[in-house]
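The values are calculated or read from the model by the stated rules, or taken from the named source; none is laboratory data. Nothing here was measured: the structure is a model prediction, and the numbers come from that model. Here the Cβ is made from the backbone with ideal geometry for all residues, glycine too, and neighbour counts use every protein chain on show.
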Amino acid sequence: MPPVDPLLTSLSACWLVFATTAPTTYVVGATWLHRTRNGNEDPRPSQPGWGWGTGGGVRTLVFQALSLVTWLLGCAVAFPVVFSVQLDHADVTRELLAGAAAVGAVSAQLFQVSALLSFDAGAKPLRIWSGLQQGQVDVMWDVKKLPSRAAASYVVIAMGTLWVALGGALLYLGSEVLHDASSRLAYLVLAVACLTMAAFTTYGLAGHLRHAPALAAGSDDDSDSGRRARAPPSAWRFFQPFRGGAWFVATQALGWALFSAGLTLMLYLIAQGAAGVMEGARRYTWTAGAIMVTAQLVLASSLVFFQGPQRTMQLVRQISISLGEEARPRNLRQRLENVATIIILYIPMHVTSAAMAAYFFFLPPHIAVTLLIATLFVYYTVTSLGGAPEVSGRREWPAFQDWFGRQLEEVLPAWLGSLEVVREGASQPLDPEKRYVFGFAAHGLYPLGAGYLPVLPSFRRLLPGIRPVTLTASVVFVLPVLRDILAWLGLRVVTRRSFLRALRERGSVLLVPGGQAELVHTHRIFTAREYCFVRVAQQAQASLVPLLVLGEIDSLRNLISAPAMLQWTYKRLGFPVPYLIVGRWGLTPFPQPTGLRFIIGEPIPPVELGPGEEPTQEQVDTVHAAFYDAMQALWHKHAPSFPGYDDVKFVLVDK
């Protein structure tokens, strides 16, 4: 007598059980869902609802069709296993067919239950079904034995969890138990199908059942017949981006991100299996399973937080505005552009870090390191062709600057609360033939305004013909993606060489004199006095223009507040550590709605020098004092009227 294969026995038993329960569930539905005509006016008794599969709306019909198809497929592939039909490569083929049959039977049962729970008593009969009923379009369904929608949603979540368990079992069998390559691959594909069905059923059907609106008065369950009319349209949608409340949006984002990561890892396992190198990828099996289970739990939990579109929270409102939902006319392209603007402005470093981490997540460490180094080598070589763009500005992209500036003036007021560019005095326009050095204060944690202010249309309207080049720290040109964005905006590294070159080529520059010394003291002192830029400006015979920004230093904060450590690391490493920028909603990199105002002061002319003459220290001190006096004057005039700044003191310290 041949030995009994416990795997085949278990899978065959699973098929037999669920292949029986699926049609049984349909019969139960027929006995629960009685049909009557004309309500209480028809004296004839109600009849079992054998046709309930086509009488409960589109969802019920779709689930019924899926149940029938998977049940038939399961029975078809189970036949040679159960009845011991002779097969080529019998052991391998039987393992494969037994797994497919079990999955088909379980899926048929779960689809059948989903069809019953999603039954809509008030749905209009389908055209073909109403014809078969020969005019009996007044049929009503007795649904008093069905669970409430809230209870049904929990049943669906439980079924989704069962699907996850089935997918996890298949994943384990495909990676740890089976040895044949084709069986492994088939089991992994079936696992992906089960885990995908779990996520979509939990979110789509359970969400619909839980958040379907209450029936209108007078159409609720009847005490005698238990019949109910069709509910009004649900506020729940399968695709409802940025709606439902802050917690719902956040948990949905986390759940679908986890699902996407798990699915990607599963597809990687399938690709490795197809290539015949499954052994090297088996260590990711448990990771993929754990991610998928977590995704299921998070998606199920998110349904509790749904509040409907009428309860849009601050998060939803801000993101909706950034997507362009509150301005008209709007189209998909404009919404995508607004989203791209926020990504470019606030999370390029996060995108880069995630891309680099992906190498180590999906590849063995030694391969990840080698591939990452090769990728960065090619990247830096290509982006540096023709000379250093951070000095020459050769990669400046005027079309991108125009587009980005327009987008910022549209999106930033929604995120920050307000956006203003003001010119103090403005007795006459600045002469484009002269040279100007704009001194931007304060630096803050992340002085984004210094980078994008010159491309704002409002800035260009106030200062026609003036296109300053923003100078920034060299470290930001090291980071991929951010390096490209800065180059397109025309930013250059803050060195004496690039300073003078930009003045010669463009006539004006914009820099943050306080630099990283102000970064260390953000929220404690306001600006640090710097002398070097004053001397260079005098040598180039450029006027100094004070430029004060209000609100930016409060829009972001350092997650870890350690002033002593920041000061120590800045002095010894040249950069403060720890440096973890967060803003709105606790841990996100998006800004707080603090408002934003740029104030452009009057130019301070340089001390006239003869050909080849260098400015004296006394002359530098005079212009230096005039510049910071002008900055203080701007502060005292504008800060009291800016929200939250009425009691903030302006403090100057020497670097």
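Descriptive notes on the structure:
- Segment 469-496 - residue that is charged (D, E, K, R) and out of contact with any Leu (no Cβ under 7 Å at 6 or more places or on another chain) and, of those, surrounded by the most Cβ atoms within 10 Å (Cβ to Cβ): R483
- Residue ID - surrounded by the fewest Cβ atoms within 10 Å (Cβ to Cβ), chosen from residues in segment 420-463 that are closer than 19 Å to N338 by Cβ and in contact with a Gly (Cβ under 8 Å, 6 or more places away or on another chain): P457
- L315 passes every criterion in (1) under 30 Å from L166 (Cα atoms); (2) modelled with pLDDT under 75; (3) among the aliphatic types (A, V, I, L, M) apart from (1).
- Residue in segment 596-607 that is more than 43 Å from the chain's Cα centre (by Cα), at pLDDT below 90 and more than 29 Å from L456 (Cα to Cα) present: yes
Okay, residues lined up against (1) of a type outside the set (A, V, I, L, M); (2) assigned to a loop (DSSP other than H, G, I, E, B); (3) without any contact (Cβ under 8 Å) to a residue 12 or more places away in the chain:
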| position | (1), (2), (3) |
| --- | --- |
| F377 | yes, no, yes |
| E390 | yes, no, no |
| R406 | yes, no, no |
| E410 | yes, no, no |
| P429 | yes, yes, no |
| P432 | yes, yes, no |
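- Qualifying helices (runs of 4 or more DSSP H) (wholly inside segment 531-620; at least 1 residues being under 29 Å from A253 (Cα atoms)): 552-555
- Odd one out for P611 among (1) closer than 21 Å to S508 by Cα; (2) within 43 Å of the chain's Cα centre (by Cα); (3) without any contact (Cβ under 8 Å) to a residue 24 or more places away in the chain: (2)
Matching residues to (1) more than 22 Å from G273 (Cα to Cα); (2) modelled with pLDDT of 85 or more; (3) in a helix (DSSP H, G or I); (4) not polar (S, T, N, Q):
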residue	(1), (2), (3), (4)
G135	yes, no, no, yes
W163	yes, no, yes, yes
S183	no, no, yes, no
Y187	no, no, yes, yes
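- So V143, is it at pLDDT below 80, more than 26 Å from T202 (Cβ to Cβ) and surrounded by 17 or more Cβ atoms within 10 Å (Cβ to Cβ): no
- Just one of (1) in contact with a Leu (Cβ under 7 Å, 6 or more places away or on another chain); (2) modelled with pLDDT under 80; (3) of a type in the set (A, V, I, L, M) fails for L332. It is (1).
- Considering residues of segment 621-655 that are in a loop (DSSP other than H, G, I, E, B) and basic (K, R) only, the residue surrounded by the most Cβ atoms within 10 Å (Cβ to Cβ): K655
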